Amino acid sequence: MPELTESFIVEISRPGERLDVFLRARYPALSRGAIQRLIAEGHITINGRTVKPTHRPRAGERVMVIWPEPKTAWTEPEAIPLDILYEDDDLLVLNKPAGMVVHPGAGNQAHTLVNALLHHCRGGLSGIGGVARPGLVHRLDKETSGCLVVAKNDPAHLALSAQFKTRATVKIYHAIVGGELSPESGQIQAAIARDPVHRQRMAVTAGAKGREALTSFRVLRRLAAATLLELRPHTGRTHQIRVHLKHLGHPVAGDAVYGAAQSRRLKEATGYAAPRVLLHAHTLEFRHPRTGEPMKFSAPWPDDFAAAVLALSKAC
């Protein structure tokens, strides 16, 4: 597979922003560490010369990115069944089950979605995400189920990643939240940053470090001591929906990180104990990376989510 090269001109000088941070915003599918490695290996240059990640981008500079050929993945392919909603030569759309980790990491070196993808695609995945994240344009939390798109080649990865960055995609989630949420619809606009005390969590913050985040919602059904919601995140912050719903005072049922107390109250009121974070990526819309054709996919509720709606409807 030939290397893919991309270049662009910096339009506005950014004296207060590092190159790796600047590129992280342009290529959200890449981690900051992956960008730093590409810079260190000479795959990213400024005006034809190598620079450090701390370089401050200036107007008129040409940034050249040479996407290296994918390295052989150390992750072992595994014959794990996949619920495939759509597949062609450029991408596949999956209905990810709750409980499946998307990519290998500390404590999760096997049985991940990446393990399953390596087996299913026989190496036919984009390499831009790096060795640990082949094909992954975006991700879902371990306990979140539903629609997820995977890129099979680098041009598809870049095109899909650009759609996520510019908010050209539409993502619709369903969630069961604790309590009776009012009003019937609305928006949650609150900046999100890493929690200064619990570093594994995110939190709404009024400080300058927070990144803008916007989520709209509407009530689908009133349940016993709970509400079934449809949510659309207009930005893509880590744990955005879960953090915003906690901020609203109605965390997702079963969320031990952001809503343990509310889940206990739900069990006390109804006898129902949520088995996991009851959040489901129901619908995903984007344009095909090669043809530009509008595409829309929906994943049915998994059994545990449907059972939760039924149980709380009965209690109601």
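If I take every Cα pair under 8 Å that is 6 or more residues apart in the chain, average their sequence separation and divide by the length, what percent do I get for the relative contact order?
15
Given the -39500 (n - 2.57) contribution per DSSP H run of 4+ residues, what per-residue ellipticity at 222 nm results for the chain, rounded to the nearest 500 deg cm²/dmol?
About -6500 deg cm²/dmol.
Quick one: net charge around E143, please, counting Lys, Arg +1 and Asp, Glu -1 for every other residue with C-beta under 12 Å from its C-beta.
The answer is +1.
Mind checking which aspartates and glutamates have their C-alpha under 14 Å from K142, skipping anything on the same chain fewer than 8 residues away?
Cα-Cα hits under 14 Å: D255.
Report relative contact order for segment 84-166 in percent, whole number only (criteria: Cα-Cα under 8 Å, sequence separation at least 6).
34
Is the shape of segment 84-166 rounded, prolate or oblate, going by the alpha carbon gyration tensor and its root eigenvalues a ≥ b ≥ c, with a/c under 1.5 for rounded and a/b larger than b/c for prolate?
rounded
Could you work out the relative contact order of segment 4-67? I mean the mean sequence separation of Cα pairs under 8 Å and 6+ apart, divided by the number of residues, in percent.
54
Could you list, bin by bin from short to long, the percent of Cα-Cα pairs of the chain in 10 Å steps?
6, 24, 32, 25, 10, 3, 0
Quick one: helix 260-270 against the long Cα principal axis of the chain, what's the angle to the nearest 10°, folded into 0 to 90?
Around 30 degrees separate the two axes.
Taking Cα atoms of segment 4-67, Rg/Rh with Kirkwood Rh, to two decimals?
0.91
Using the Cα centre of segment 4-67 as the reference point, and only Cβ charges (+1 on K/R, -1 on D/E), how large is the resulting charge dipole? Debye, rounded to the nearest 20.
180
May I ask you to order 229-235, 266-272, 143-149 by the average number of other C-beta atoms within 10 Å around their residues, highest value first?
Ranking, from highest mean packing down: 143-149, 229-235, 266-272.
Along the charge dipole of segment 4-67, which of A29, L4, A40 sits closest to the positive end, that is, farthest toward it, with unit charges on the beta carbon of Lys, Arg, Asp and Glu (+1, +1, -1, -1)?
My answer, from the dipole projection, is A40.
Want the number for D195 to A261: 0.36 nm per residue separation, take away the alpha-carbon distance, what's left?
21.9 nm
Counting Lys and Arg as +1 and Asp and Glu as -1, each charge on the Cβ, what is the dipole of the chain about the Cα centre in debye, to the nearest 20?
So the magnitude is around 1140 debye.
Could you order peptides 82-91, 275-284 by the average number of other Cβ atoms within 10 Å of their residues, highest first?
With the highest mean Cβ count within 10 Å placed first, the list reads 275-284, 82-91.
So what are the ³J(HN,Hα) numbers for segment 252-257, from phi and the Karplus equation (6.51, -1.76, 1.60; θ = phi - 60°), rounded to whole Hz, Gly and Pro as x?
For segment 252-257, the Karplus-derived couplings read 5, 4, x, 7, 5, 7 Hz, x marking Gly and Pro.
We did not get these values from a lab; they are worked out from the coordinates using the rules stated. Quick caveat: nothing in here was measured; it's all calculated off a predicted structure. Quick reminder, even Gly has a Cβ in these numbers, built from the backbone with ideal geometry, and neighbours come from all protein chains shown.
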